[in-house]
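Notes follow the structure.
No lab work stands behind these numbers, since they all come straight from the coordinates. None of the values given here were measured: they were computed from a predicted structure. All Cβ positions, even for glycine, are placed from backbone atoms using ideal geometry, and neighbour counts span all protein chains on display.
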């Protein structure tokens, strides 16, 4: 259905000021140490011409699961191209975490010979951590981490030992860096599946969460305490909710606990409430939970785009119950749980990414950590080459154009017209609008109040294009990995936004 919009700046009402580091990202611990991660899709699977084989037998079929993974060597966080592209985002949060982090041993004195001690799975070296600290400094970021919580961190099923956290905070300080926020454990509601010791339950988690957070409060009071890092349903009451089912991701495949199980009775209060959001699960795991997977044909629909704000809205009352007045951080966000869908690296996912940033800002203040910077099919940059994907350029335009002040702009929130409005990032008087025309058949017309700059993004007629176009120009790196011109074009009067396009309009 065609939409006709009229932008009336004088009618805008301020909602809030956003955290200037809203658009942030993850660097998975498996990227830092080297290890297994989701296998890259083939060119045919990305293009949609080759079907991804269904996983048979679920997680009990270890042979099938192994076929979904591959080994990746440690990422080179000293790479000049990587640093330069990451620096373009400006000040962000960098999160070093993931399931791998829960079983990583900190071998900062080099005594293991690269072999993980009993109870751990991988080894983090002094050099690898030094490179992460240097990277964080180079891109003007703040650092959020989670720490290990596996069998190696416990003796005789007792409370967590402080040895590991003491080591990583001490080395970070020695290297001239700082750990600015701590999220005790990645996705703890999945317990053993997330790396916790065998037999570990929620009472154990709450006990250890308080031990770790109390230590941080005493020794590093400037460090923010973040949690509970829940994935899946936030509340038992959401079990039959369609948005929750389609947005909960891997957490609900195992029917594990909720945010309440991770926070009920805890004593050391959080500074920030956190959760994970993915639009269901990817093709890799669709055979295990068919109702949790979105087909590509629905990845532009209103129902699909509603999942991110729906999950945020469901977490707000839980935040208000346990951490009233706090920011909400989505400490992992991306196309789909299980390494992303086949189209995660294409233009098609840009609609979801930009709509999440826009809708989240209308609901709460906080930070969204895109998973990941440079690994798996949902990474901003392709693993190894660090070539930017469409989502990289979309996020970069957001950070350059959309300011921190959020306005209510009468968002129709219907096919063809998902509309958001912020102040201008350049500090000039005026406004920056984001319009997502998620109709694949009809253009959206926009009546402008005066002359404006238009930044129209598209797949150039192919929603699964691996290259995104800006005002008809392909966004690819030039000689010496130079960024293309992210330039707007002058427009006035009434403009037409093509089907399937996203447009920033700066007035």
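Listed from fewest to most Cβ neighbours within 10 Å, the set 77, 445, 163 follows the order 163, 445, 77. Geometric descriptor of the stretch 16-407, per residue, is 130 Å³ (volume of the convex hull of the Cα atoms). Translational diffusion of the stretch 66-158, estimated by Stokes-Einstein from the Kirkwood radius over alpha carbon pairs at 4 °C in a medium of 1.567 mPa s, is 86 µm² per second.
Seen against the Cα atoms of the chain and their longest principal axis, helix 202-219 is set at about 90 degrees. Relative to the longest principal axis of the Cα atoms of the chain, helix 350-363 runs at roughly 80 degrees. Where only DSSP H runs of four or more residues are counted, the chain gives -7000 deg cm²/dmol as its mean residue ellipticity at 222 nm, each run worth -39500 (n - 2.57).
In terms of other Cβ atoms within 10 Å, 466, 489 run from fewest to most in the order 489, 466. Across the chain, the relative contact order, built from alpha-carbon pairs under 8 Å that are at least six residues apart, equals 17 percent.
In the stretch 291-371, the convex hull through the Cα atoms has an average projected area of 5.6 nm², a quarter of its surface area. Between helix 307-322 and the chain there is an angle of about 50 degrees, using the helix long axis and the longest principal axis of the Cα atoms.
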